[in-house]
2 protein chains.
Amino acid sequence: MEPDPTVTDPQLYKILFENDRVRVLRYTDKPGDRTKPHAHPDSVLITLSKFQRRLTVGDRTVDVEKSPHEVIWNAAQTHVGENTGTTDTDVIFVELK
Amino acid sequence: MEPDPTVTDPQLYKILFENDRVRVLRYTDKPGDRTKPHAHPDSVLITLSKFQRRLTVGDRTVDVEKSPHEVIWNAAQTHVGENTGTTDTDVIFVELK
C-alpha cells in the first residue's frame, strides 16, 4: 500500500522479513518523533515497549497507551503516529499480503 | 490444521486474538516441558524470551537457541517442541489463514 512507511520514514521503519504472504517491520522511535502520513495493509502489531502515542486517521485523533507484549489488530489504514510519551516506541508489525 | 496445539497442549498455548485472517497464540513453557505432536499453518513467530529448544519435525531433530525479539518464518508443519534449556520459552505465533 502507498505511501509505504519504509519509504516515508526509513529512519523509523526497518524490514525484518518479507515473503509472498507477509512483510514484517520493526518500528522504533523516541519521544517527540512523528511519522509522515503512510499506509499499512491489514496487520498484527506486537508491542515490545511501553509507550504513549497520538494516532491521526483521517480527521480522527486517538491517544493510546500500550504495555509490552500486547497484540493489536490493525485493519488496513493510512495514518500519522506521534510519540507523545516519555519512553521509546518499539513495535513489530506483521503486515498481511 | 490438526492436531490443534490449543487442544493438544492447552496449558502451554493461549489464543490472544482471532479473526478471518489470523489466529495469534502465545506459547509459554518451563525447562523440561515438551509438547504433544501438533500442527501450525504458515506462521510468523516473534520471540519474547531467550530459550533453547529441540524441535522434532518428522524424523528430523534440530536444536535451536533464540534471543528475545527475533522474527522467524515457519512454513506449515507438524512438530514436537521440547524446552532443553534453563530458561522459560515465551513466543507469539501469528498463524495465517
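Every number in this text was worked out from the coordinates using simple rules, so none of it is lab data. Computed from a prediction, not measured in an experiment: that's the story for all the values here. Every residue, glycine as well, gets a Cβ built from its backbone with ideal geometry; the counts of neighbours run over all protein chains shown.
Using θ = phi - 60° and the Karplus curve 6.51 cos²θ - 1.76 cosθ + 1.60, what whole-Hz ³J(HN,Hα) does each residue of the stretch A:29-39 get, with Gly and Pro shown as x?
Karplus values, whole Hz, x for Gly and Pro: 8, 10, x, x, 5, 9, 7, 7, x, 7, 10.
What FRET efficiency would be calculated for the residue pair B:Gln11, B:Lys97, taking the C-beta separation as r and a Förster radius of 30 Å, to the nearest 0.05? Write down the numbers at each step before the final one.
Values: r = 25 Å, r/R0 = 0.82.
Here the calculated transfer efficiency is 0.75.
Find every distance from the label point of A:Ala76 to the corresponding label point in the other copies (7 Å from Cα along Cα→Cβ) and write them in nm, one decimal, shortest first.
2.3
Taking a ≥ b ≥ c as the square roots of the Cα gyration tensor eigenvalues, with a/c under 1.5 meaning rounded and otherwise prolate when a/b beats b/c, else oblate, which class fits the stretch A:1-92?
Details: a/c = 1.44, a/b = 1.23, b/c = 1.17.
The shape class here is rounded.
Enumerate the calculated ³J(HN,Hα) couplings along the stretch B:58-65 in order (Karplus 6.51 cos²θ - 1.76 cosθ + 1.60, θ = phi - 60°), each rounded to whole Hz, writing x wherever the residue is Gly or Pro.
With coefficients 6.51, -1.76 and 1.60, one gets x, 9, 9, 10, 9, 9, 10, 10 Hz.
Among the lysines, which fall within straight-line cross-link reach of A:Lys97, defined as a Cα-Cα distance under 30 Å, with same-chain neighbours fewer than 8 residues apart omitted?
Filter leaves A:Lys14, A:Lys30, A:Lys36, A:Lys50, A:Lys66, B:Lys14, B:Lys50, B:Lys66, B:Lys97.
For A:Asp33, which sequence-distant residues (separation of 5 or more, or a different chain) have an amide H within less than 5 Å of its own amide H, given hydrogens modelled in the peptide plane?
The list, which skips near neighbours in sequence, is A:Asn83.
If the label for B:Val57 sits 7 angstrom from Cα along the Cα-to-Cβ line, what are its distances to the same label in every other copy, in nm to one decimal, shortest first?
List, nearest first: 3.5 nm.
So who's got an amide H within less than 5 Å of the one on A:Asp42, skipping anything under 5 residues away but keeping other chains? H placed 1.01 Å off N, in plane.
Excluding prolines and chain starts, which carry no amide H, the hits are A:Ala76, A:Leu96.
If you split all Cα-Cα distances of the protein assembly as shown into 10 Å bins from zero, what percentages do you get per bin, shortest first?
With 10 Å bins starting at 0, P(r) equals 9, 35, 33, 17, 6, 0.
Tabulate in residue order the Karplus-calculated ³J(HN,Hα) for the stretch B:42-48, using 6.51 cos²θ - 1.76 cosθ + 1.60 with θ = phi - 60°, rounded to whole Hz; enter x for Gly and Pro.
Result, rounded to whole Hz: 3, 9, 10, 9, 10, 7, 10.
Pop a pseudo-label 7 angstrom from the Cα along the beta-carbon direction at both B:Gln77 and A:Arg34 and give the gap in nm to one decimal.
4.6 nm
Where the label is 7 Å out from Cα toward Cβ, how close does B:Gly32 come to the same position in every other copy, in nm, shortest first?
Those label-point separations list as 5.2 nm.
Hey, can you grab everything whose amide H is under 5 Å from the amide H of A:Leu16? Only 5+ residues off in sequence or another chain; H modelled, so Pro and N-termini drop out.
So A:Leu16 has HN proximity to A:Val24, A:Leu25, A:Arg26.
Each label point is 7 Å from the Cα along the Cα-to-Cβ direction; what then is the distance between the points at A:Glu70 and B:Ser67, in nm?
2.7 nm
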